1. So which GluC sites (Glu not before Pro) in segment 83-166 are both in a DSSP loop and have at most 14 other Cβ atoms within 10 Å of their Cβ?
2. When a/c is below 1.5 the answer is rounded, else prolate if a/b is larger than b/c, else oblate, so apply that to segment 68-186 with a ≥ b ≥ c taken from the square roots of the Cα gyration tensor eigenvalues.
3. From the residues 94, 77, 48, which one has its Cα farthest along the dipole of segment 38-99 in the positive direction, the dipole being from +1 and -1 charges on Cβ of Lys/Arg and Asp/Glu about the Cα centre?
4. Could you give the length gained by full extension between residue 29 and residue 42, i.e. 0.36 nm per residue of separation minus their alpha carbon distance, to one decimal place?
5. Of all the accessible heavy-atom surface of segment 30-75, with the other protein chains kept in place and a 1.4 Å probe, what percent is carbon and sulfur?
6. Anything over 26 Å Cα to Cα? Flag those among 2/81; 32/82; 2/141; 19/40; 81/141, in the order listed.
7. So what is the accessible area of segment 23-97 per residue, in Å², with the probe set to 1.4 Å?
8. Top to bottom by accessible area (1.4 Å), largest first, where do 8, 125 land?
Amino acid sequence: LKTPLAVINTSVELMERIKDPERQKEKMTAIKEQTARLDKYIYDMLTISRLDHAPDLLLRTVDVNRIMSDVHERLHSTAEKKEVNIILEPASEPPNVLADESEMDRMMVNLVENALNYTPTGGTIWIRTSIIQENVQLEVKDTGIGIGEKDLARIFDRFYRADTARSTKISGTGLGLAIVKRIVEMHGGSISVESEPGVGTTFRV
Ligand code: ATP
Ligand code: MG
């Protein structure tokens, strides 16, 4: 929280002093970026705090295939811009779960956004649902940068980001997967991950 705020503060101070409109514009861009970053931090922190202390789940029968197409609908243009291919592989029968729909949506968005963020141009993402006995399984698989063994143990920790992620241009809070894990566990589910650096990652809920 302090880092983006510090950038905003210095940018504002500089804007008051510099006359060059080009440089003023640069500072304005920095302020906008850091404001967005702060906004996401606060939003994610409020989300995880609510999930910890007052989850208030609204349980209904939810078709995970429908959540999958909703999420795809909202993210496919980002994927197209990045030239990343998203392939949907829905279970042939509706994979119904008793769940809070908006939390299921949040869980899936976080996983697919990660796949998008950490998969370079030309890559592929598969979103797959299946019914295995009494369970519904969701898989989000990508051909992205992958996660090293040392990081794999920590990616679900709050605020943790691998060095490989921090060295990309993508800024993040490191709260996404903590939120995902919390949602999955609140629904009595489990989550696992398999990854190979430079090859890709699969999250399985
Ligand atoms: P945000 O909170 O904004 O989502 P984030 O994406 O960095 O930020 P998480 O979603 O919690 O945070 O992910 C934690 C870390 O796990 C990432 O920083 C990255 O290092 C790693 N990671 C997660 N998903 C993937 C993926 N699909 N491919 C490679 N690395 C990943
Ligand atoms: Mg994320």
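1. Answer in residue order: 83, 134.
2. oblate
3. Of the listed residues, the answer is 48.
4. Extra length from residue 29 to residue 42 when fully extended: 2.7 nm.
5. 56 percent
6. 2/81; 2/141; 19/40
7. About 66 Å² of surface per residue is accessible.
8. On the way: 8 30, 125 0 Å².
Of 8, 125, the descending order of accessible area is 8, 125.
The values are calculated or read from the model by the stated rules, or taken from the named source; none is laboratory data. Please read these numbers as outputs of a predicted model, since none were measured by experiment. In this analysis, Cβ positions are derived from the backbone assuming ideal geometry, glycine residues included, and neighbour counts consider all displayed protein chains. For the accessible areas, the whole protein counts, side chains as well, though only heavy atoms, and no ligand, DNA or RNA atoms are used. Shrake-Rupley method; radii C 1.70, N 1.55, O 1.52, S 1.80 Å.
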